[in-house]
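S.K.: Pasting a structure here, questions to come.
The values are calculated or read from the model by the stated rules, or taken from the named source; none is laboratory data. Small disclaimer: the values here were computed from a predicted structure and weren't measured. All Cβ positions, glycine included, derive from the backbone under ideal geometry; neighbour counts span all protein chains shown.
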Amino acid sequence: MSRDTQRLIARLLAGAAAIATFATIGVMIVGYSAAVGRIAAEKQRIDELTELAREDDSQSAALVAEWDRQTEASLERDKRVAKETRVLVISAVLLLIGAKWSVRLGGRRVPTAKAIAAHRAIWEKRASTRRRRTTGPAEAHKPCDACKAQAIDLGFVDEVISRFGRSPEATIPILQAVQDHYRYLHPDAIARICALTEITPARIAGVASFYTQFRHSPVGRHIVKVCHGTACHVAGAQAITDELRRELGIAADTDTDPTGEFTVEQVACMGCCTLAPVAQIDDATFGHLSPDAVPDALDAARAAADGDVCRPRPPLPSEDRETAPLLGEIRIGLGSCCVAGGSGKVHQALEQAVAATGSRVHIKRVGCVGMCHQTPLVETVIPGKPAALYAGVGPENAAAIVLRHFRPTGTRRRITAALTTVAQKVRRDGQATPITERAIELRDPPVAAFLGPQKHIATEHCGQIDPTDLDEYLRNDGFKALAHCVNDMSPEDVIAEVSRSGLRGRGGAGFPTGLKWSRVREAKGELKYIICNGDEGDPGAFMDRMLMESFPFRVIEGIAIAAFAVGAREGYLYIRAEYPLAVERIRGAIHECEQRGYLGDNILGTGLSLRLNIMEGAGAFVCGEETALLASIEGKRGSPRLRPPFPADQGLRNKPTLVNNVETYTTLPWIIRHGADSFAALGTDKSKGTKVFALAGKVKRGGLIEVPMGVTVRRIVEEIGGGIKDDRQFKAVQIGGPSGGCVPAFLADTPVDYEALAEVGAIMGSGGLVVLDDTDCMVDIARYFLAFTQDHSCGKCTYCRIGTRRMLDILNRICEGRGHPSDLDTLEELAHAIKKASLCGLGKTAPNPVLSTLRYFREEYEAHLDGRCPAGKCKALITYRVTDACTGCTLCAQHCPDDAIGFTPYRKHEIDAEKCTRCDICRTKCPEDAIEVV
Amino acid sequence: MKQVSLAVLLILAISFITPIGSFGAEYTREVDVVPPDADIGNGYVTPPVQHPQPKAAWWSAVDALLLALAMGLSAWIVLGRRSRNWLVVLTVGCLLYFGFYREGCVCPIGAIQNVTVALTDASYTVPFVVLVFFFLPLIAALLIGRVFCGGVCPLGAIQDLVLLKPVQVPRRLDKALGTLKYAYLILAVWYAVAPAVDREFIICRFDPFVGFFRFAGPGNMMLVGGGLLALGLFVGRPYCRYLCPYGAILAILARFSWKGVTITPDKELDCGLCVESCPLGAIEQMRAVPSSCLYCARCFASCPREPINLPSTVPQPDRGGV
């Protein structure tokens, strides 16, 4: 039966039934009103006859007859009503069936995209902030010459100058403070600086234009920093930036939106690689961003600025908590990564939950636990019981965790806790996961595999001690090594011990530490400097940040040991400005150590002195190079200089200077305490000990790991990292950042060792280890790194300045499908020339990513020359297509920012190639993997 | 599917065990006040005791069994077969039996008050079948949610069948009206615990649909019932969602249910195509909310992962052998 016939029948049925229904209702109403109308007359008739019968007995027969007649009529009526009711019911049922049939034939009702979005908006409680966005902020602000010329209060400049002094060396700190205050380098402020200090306008122009941190035009009220580190790059940082610019309506030639609300910046690396892609808005870091989470993040920033963030209640006051016995402690990781993962809120929630139980439980902030893929991590430690570890904890789980391990004191609290638990369960209506599902066991295979091959030396006691608590550090063998050195050993003994341990510089080049030290020791000069290089500029690396954030006292102890050995009395920690928490922790730790006599003029009562200062970097990658770093501390542009003379002979202010990496220093206390032999027992022939790596990229379990040297790359990726995410194919590991190279999957059995890595074309570098899978385009990776080094080249050497530019042009051309067959040879030729003719490490190693990808993935380059991108990354060479596996779930259409996909529920979707901007959102959103890149 | 069959078995088992009590105790009562035999005339002799008709006891057992069976079937159809059509068949069957044939009595909704009175007044007893009817759906709600409401309850069935063109009630209004049923529940308990003279069985007295089942009833309640049915053409099950006091208890228990309806047969897509498919407002955040999901099986058809919607190129979801 055709649809039309069906519809006709359904309508006829419904129509006929409707007529019958309403007719019956009419008949019933008529009958009812007639009966009602007769009631009075009939009653009157009975009354009359009763009256008559009372007077005359012979009339009673008539009364009885009337009774019978009326009874009969009433029964008759009841029967008729019953019959009518039946007809009514049947016709009503038929009417309903007919109506339902025709409604059904009208087709399936499908919600519109708008309706779905509206529902989502309700759930996500975004309605109010959305409204605010459309109305926009009150005053529009456009950076223009008038604004720039606007007079400002210069009192702050005077204050800054009095704080940092008038010498040219103070240039960078002064500029940083001024920028912090005025949000950019205001011309009036700069003029004031030049007037009051010995700093010349030329020097300011030189420095300010060299360091990427400095801004020369006004910015929006909020600053959005999108991390473009390696891990973030492969995880789609560009899509985040694109979406931010699109969402805010930022024009191509500027970074600030038309209303002056947001400024979007790209930064090299924020060191939250396991949470990639990452963006920072004002002070809040957002991890695991996806383009469609961008509006939420912006709303959160607006809300935070408006002060309507939900502030948690302060912990409940409780008198008996002070005296109650300490039941145990709850440890929560509060490194930058963890905070970006949301552990700050969990910390607050835990404090409240503990306060509600009335017991005394120490909630301890610990440094990085290493398992960054599981953040936020919470561990409960109760003496005499096994520790319990929870991963991926949210603020809503805090109460459950606390109650699981700590019984509330007092009946009233117990009842309250029980009721709250039930009430919360009722409120969430079956949608919460039980806390036991968050618990992880150290014996669980994934955790065991992650921790098994590791050996914690630089990261000793990770996840167990409070980074800001000096007493706890002391209880855990802190400063024992320093005490041993200054009391029982001579500087020569220390150097000999370190030499014997085989420790090599962890900054990347692997220069033997003992050798460097004896050189500084032997150098002539009363004043010697010691410098800790924490300018971890490599995108994709965050070991130094973690070490400084989690073990600030150990870093200081290491520096003190080295200073004792080489005879330095003054030192600097050069820390990237992108690591505010590291700066804060180190500053706090230095202060505390000076108070307690571990630093200062009389170290441990021996009369030795060491003063440490912090120098914040200003966003120049090249300052990781030691001579550039020294120039930067001196307040100059960070240009490397020719070596020799080495810094060991003529370093900072032409005095002998020891420059070592953070990790090198951090390893020292362990070596002194356990002896050089136990350190040398670890590792390979030429590379001793352990190395800290930042494992990130496409692995299942990313994090901060410390492994003995000699472990193979495969073991790191497959055992510790748990293999490739989404079970894709392992393609390569990028080691060493922009100076390093890619180790392809077939060479994954290469051991982690300075020489072995150099042999395959990579370098140890500072330890960034970004795993790549088959969706990562190697040409794109090479281009990414080259763009980075090209941007950060100081411009001193022509080959580095212009050669990298040319190489980048060629790579860009190849990625856009306009490559020339001779390009690959030109690339190689240029690469070798740059390597030969550059002065410093940056230029010498800049072509490495290109060379190593050319060596192992030449066929990918050739595919690009043919106009194909095998990994589907290079936008100009790909199109997106929906396959037959599409179920019509509309998710792609809902998320497409360009309206390139029509909303066609339950049918195969189509992508409009004209409108498509290859943002890749649809592919990541498709639950059926029905979108392919061709 | 293992869990579903387990739940069904459990419900059946409980139902088989519980009615046995009702056969054991034979109900007898001394006759104390009767009209004298002479007044009745025709040689009538008053029997010494009154016995209930044995048929009635049997019917109670049959009712209890059928209830359990219907709930088991409903659970299986919704969770196992995921079939709206079969559920409609069950709904019509239950409407005809529990509604029109048994004339809407015994029903668990009214039993709230009987059970409450029995708990507070020692002189008041309730038949065992009432207890079964009252507790069985509650136990089921703890296990798998409000399966009783789905295809079994005759009051729900009559509203479910008239639903013609559902509209989405604005969520706030829906939530606000939803609190009425709790007020009704409190009122019902209040009247039940009152002293015998003030006691009022308000649930049964103001039952809007029982009049339809009996083709007779107070005119005003018939009007209310008719009005609710007319409203029910567009608003899904208004009585169940906003007024039913038994629904209030079920809603609370269902929050703790161990299993429930999942809209999608296998993987959650969060595509949102189901958001407006529920005429009862029981879908929030693209999931069925146990406390307001009435097991009507309407949402399944809206899931692109449901076999009827899937193109042949996509692997069919595993039905777990059902």
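S.K.: Let me spell it out: the conditions are (1) closer than 21 Å to B:Cys274 by Cβ; (2) surrounded by fewer than 24 Cβ atoms within 10 Å (Cβ to Cβ), and B:Thr120 meets all of them except one. Which number is the exception?
M.R.: (1)
S.K.: Restricting to the stretch B:241-258, and then to whatever is in a loop (DSSP other than H, G, I, E, B) and facing chain A (nearest Cβ under 10 Å), can you tell me which residue is farthest from B:Leu185 (Cα to Cα)?
M.R.: B:Trp258
S.K.: Here's another thing I want to ask about it. Residues of the stretch A:795-828 being under 18 Å from A:Phe857 (Cβ atoms) and part of a loop (DSSP other than H, G, I, E, B), which ones?
M.R.: A:Gly817, A:Gly819, A:Pro821
S.K.: Next up: A:Val393 is checked against (1) in contact with a Pro (Cβ under 6 Å, 6 or more places away or on another chain); (2) over 30 Å from B:Ser292 (Cα atoms); (3) modelled with pLDDT of 80 or more and fails just one. What number does that condition carry?
M.R.: Only one criterion is unmet by A:Val393, namely (2).
S.K.: Can you say whether A:Thr924 is within 14 Å of another protein chain (Cβ to nearest Cβ) and either of a type outside the set (Ser, Thr, Tyr) or not in a loop (DSSP other than H, G, I, E, B) (or both), as far as the supplied structure shows? Steps first, answer last, please.
M.R.: On the way: within 14 Å of another protein chain (Cβ to nearest Cβ): yes; either of a type outside the set (Ser, Thr, Tyr) or not in a loop (DSSP other than H, G, I, E, B) (or both): yes.
Yes: the conditions hold for A:Thr924.
S.K.: Are any of the residues in the stretch A:906-919 more than 14 Å from chain B (Cβ to nearest Cβ), buried (at least 17 other Cβ atoms within 10 Å of the Cβ) and under 18 Å from A:Val779 (Cα atoms)?
M.R.: Yes, the stretch A:906-919 has at least one match.
S.K.: Moving on. Check whether at least one residue in the stretch A:860-876 is in contact with a Gly (Cβ under 8 Å, 6 or more places away or on another chain), within 14 Å of chain B (Cβ to nearest Cβ) and modelled with pLDDT of 90 or more, and report yes or no.
M.R.: No - not one qualifying residue is present in the stretch A:860-876.
S.K.: Right, here's the next one. Here is a list of conditions, (1) part of a helix (DSSP H, G or I); (2) within 37 Å of the chain's Cα centre (by Cα); (3) surrounded by fewer than 24 Cβ atoms within 10 Å (Cβ to Cβ), and A:Ser678 meets all of them except one; can you say which number that is?
M.R.: Failed condition: (2).
S.K.: Something else now. Of B:Val147, B:Val193, which residue is surrounded by fewer than 21 Cβ atoms within 10 Å (Cβ to Cβ) and among the aliphatic types (A, V, I, L, M)?
M.R.: Every option except B:Val193 fails the conditions.
S.K.: Here are some conditions: (1) away from every other protein chain (no Cβ under 14 Å); (2) over 15 Å from A:Gly740 (Cα atoms). A:Leu891 meets all but one. Which one does it not meet?
M.R.: With (1) away from every other protein chain (no Cβ under 14 Å); (2) over 15 Å from A:Gly740 (Cα atoms) applied to A:Leu891, the lone miss is (1).
S.K.: So which of A:Ala448, A:Ala353 ends up being in contact (Cβ under 8 Å) with a residue 12 or more places away in the chain and among the small types (Gly, Ala, Ser)?
M.R.: From the options A:Ala448, A:Ala353, the qualifying one is A:Ala353.
S.K.: Take B:Asp266 and tell me if it is touching a residue at least 12 places away in the same chain (Cβ under 8 Å), surrounded by fewer than 22 Cβ atoms within 10 Å (Cβ to Cβ) and either more than 11 Å from chain A (Cβ to nearest Cβ) or not hydrophobic (A, V, I, L, M, F, W, C) (or both). Give the derivation first.
M.R.: On the way: touching a residue at least 12 places away in the same chain (Cβ under 8 Å): yes; surrounded by fewer than 22 Cβ atoms within 10 Å (Cβ to Cβ): yes; either more than 11 Å from chain A (Cβ to nearest Cβ) or not hydrophobic (A, V, I, L, M, F, W, C) (or both): yes.
Judged against the criteria, B:Asp266 is a match.
S.K.: Could you run through the stretch A:877-888 and say how many residues are among the β-branched types (Val, Ile, Thr) and either assigned to a helix (DSSP H, G or I) or away from every other protein chain (no Cβ under 14 Å) (or both)?
M.R.: Selection size over the stretch A:877-888: 2.
So that you can scan it fast, the table gives a plain yes or no per residue for (1) in a helix (DSSP H, G or I); (2) in contact with a Phe, Trp or Tyr (Cβ under 9 Å, 6 or more places away or on another chain); (3) of a type outside the set (Lys, Arg); (4) within 29 Å of A:Val662 (Cβ to Cβ):
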residue	(1), (2), (3), (4)
A:Gln734	no, yes, yes, yes
A:Pro738	yes, yes, yes, yes
A:Val743	no, yes, yes, yes
A:Glu755	yes, no, yes, yes
A:Gly761	no, yes, yes, yes
A:Leu769	no, yes, yes, yes
A:Val779	yes, yes, yes, no
A:Arg783	yes, no, no, no
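Residue-by-condition table, conditions (1) at pLDDT 80 or above; (2) closer than 21 Å to B:Arg171 by Cβ; (3) more than 10 Å from chain B (Cβ to nearest Cβ):
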residue: A:Ala99; (1), (2), (3): yes, no, no
residue: A:Pro111; (1), (2), (3): yes, yes, no
residue: A:Ala115; (1), (2), (3): yes, yes, no
residue: A:Ala121; (1), (2), (3): no, yes, yes
residue: A:Thr129; (1), (2), (3): no, yes, yes
residue: A:Arg133; (1), (2), (3): no, no, yes
residue: A:Ala140; (1), (2), (3): no, no, yes
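S.K.: Related question: Find the residue count for the stretch A:67-87, including only residues that are surrounded by 13 or more Cβ atoms within 10 Å (Cβ to Cβ) and facing chain B (nearest Cβ under 10 Å).
M.R.: Matching residues across the stretch A:67-87 total 2.
S.K.: Still on this structure: Out of A:Ala481, A:Ala417, report the one residue that is in a helix (DSSP H, G or I), more than 30 Å from the chain's Cα centre (by Cα), in contact (Cβ under 8 Å) with a residue 24 or more places away in the chain and closer than 30 Å to B:Ser257 by Cα.
M.R.: Every option except A:Ala417 fails the conditions.
S.K.: Here is a follow-up. I want to confirm something. Restricting to the stretch B:118-141 and keeping residues that are touching a Phe, Trp or Tyr at 6+ places or on another chain (Cβ under 9 Å) and assigned to a loop (DSSP other than H, G, I, E, B), which single residue is farthest from B:Ser83 (Cα to Cα)?
M.R.: B:Val126
S.K.: Based on what the data block shows, is A:Asp899 part of a loop (DSSP other than H, G, I, E, B), out of contact with any Lys or Arg (no Cβ under 8 Å at 6 or more places or on another chain), on the phi > 0 side of the Ramachandran plot and surrounded by fewer than 17 Cβ atoms within 10 Å (Cβ to Cβ)?
M.R.: Working: part of a loop (DSSP other than H, G, I, E, B): yes; out of contact with any Lys or Arg (no Cβ under 8 Å at 6 or more places or on another chain): no; on the phi > 0 side of the Ramachandran plot: yes; surrounded by fewer than 17 Cβ atoms within 10 Å (Cβ to Cβ): yes.
It is false that A:Asp899 is part of a loop (DSSP other than H, G, I, E, B), out of contact with any Lys or Arg (no Cβ under 8 Å at 6 or more places or on another chain), on the phi > 0 side of the Ramachandran plot and surrounded by fewer than 17 Cβ atoms within 10 Å (Cβ to Cβ).
S.K.: A follow-up question, please. If you go through the stretch A:518-526 one residue at a time, do you hit one that is more than 28 Å from A:Val267 (Cβ to Cβ), touching a Pro at 6+ places or on another chain (Cβ under 6 Å) and not in a loop (DSSP other than H, G, I, E, B)?
M.R.: Looking through the stretch A:518-526, at least one residue is more than 28 Å from A:Val267 (Cβ to Cβ), touching a Pro at 6+ places or on another chain (Cβ under 6 Å) and not in a loop (DSSP other than H, G, I, E, B).
S.K.: Of a type outside the set (A, V, I, L, M, F, W, C), closer than 24 Å to A:Arg545 by Cα, in contact with a strand residue (DSSP E or B) (Cβ under 9 Å, 6 or more places away or on another chain) and outside any helix (DSSP H, G or I) - does that describe any residue in the stretch A:650-659?
M.R.: yes
S.K.: Restricting to the stretch B:151-177, name every residue that is at pLDDT 90 or above and more than 14 Å from chain A (Cβ to nearest Cβ).
M.R.: Of everything in the stretch B:151-177, those that are at pLDDT 90 or above and more than 14 Å from chain A (Cβ to nearest Cβ) turn out to be B:Val152, B:Cys153, B:Pro154, B:Leu155, B:Gly156, B:Ala176, B:Leu177.
S.K.: Give the number of residues within the stretch B:277-308 that are surrounded by fewer than 21 Cβ atoms within 10 Å (Cβ to Cβ) and either within 9 Å of another protein chain (Cβ to nearest Cβ) or among the aliphatic types (A, V, I, L, M) (or both).
M.R.: Residues that pass the stated criteria total 7.
S.K.: Something else about it: Applying the selection to the stretch B:142-155, what residues are closer than 11 Å to B:Gly260 by Cβ, under 11 Å from the mean Cα position of the chain (by Cα) and assigned to a helix (DSSP H, G or I)?
M.R.: Hit for the stretch B:142-155 is B:Val147, nothing else.
S.K.: Okay, next question. Please verify whether A:Asn602 is among the polar types (S, T, N, Q) and modelled with pLDDT of 90 or more, treating the condition exactly as stated.
M.R.: When the stated conditions are applied, A:Asn602 does not pass them.
S.K.: With the checklist (1) in a loop (DSSP other than H, G, I, E, B); (2) away from chain B (no Cβ under 14 Å); (3) touching a strand residue (DSSP E or B) at 6+ places or on another chain (Cβ under 6 Å) in hand, flag the one item A:Ser852 doesn't pass.
M.R.: With respect to (1) in a loop (DSSP other than H, G, I, E, B); (2) away from chain B (no Cβ under 14 Å); (3) touching a strand residue (DSSP E or B) at 6+ places or on another chain (Cβ under 6 Å), A:Ser852 is out only on (1).
S.K.: I want to confirm something. Restricting to the stretch B:277-318 and keeping residues that are assigned to a loop (DSSP other than H, G, I, E, B) and of a type in the set (S, T, N, Q), which single residue is farthest from B:Pro137 (Cα to Cα)?
M.R.: It comes out as B:Thr313.
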